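J.: I'd like to ask you about the structure that follows.
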């Protein structure tokens, strides 16, 4: 008997995300925070950073 069969699990985060609350880019590996970096320290070009802010923002 599986007690958690009806429990919906949210998919774990993987990759780079923009965290609105801290105004930083954060990297997640298997749902765990790996590192974070500010907008200005991030080495990606401006277009990539803006796209990431729009499409992969978390709170």
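Every number in this text was worked out from the coordinates using simple rules, so none of it is lab data. This structure is a prediction, so every number in the text was calculated from the model and none was measured. Please note: Cβ atoms are built from the backbone with ideal geometry, for glycine as well, and neighbour counts cover all protein chains shown.
J.: Name all residues of the stretch 9-31 having a backbone nitrogen under 13 Å from the label point set 7 Å from the Cα of residue 48 along its Cα→Cβ direction, giving them as ranges.
T.: Output list for this probe position: 16-17.
J.: With everything on Cα atoms, drop me the angle between helix 46-55 and the longest principal axis of the chain, reported from 0 to 90° to the nearest 10.
T.: Between helix and principal axis, roughly 30 degrees.
J.: Report the label-to-label distance for residue 35 and residue 56 in nanometres (one decimal), using points 7 Å from each Cα along the Cα→Cβ vector.
T.: 1.5
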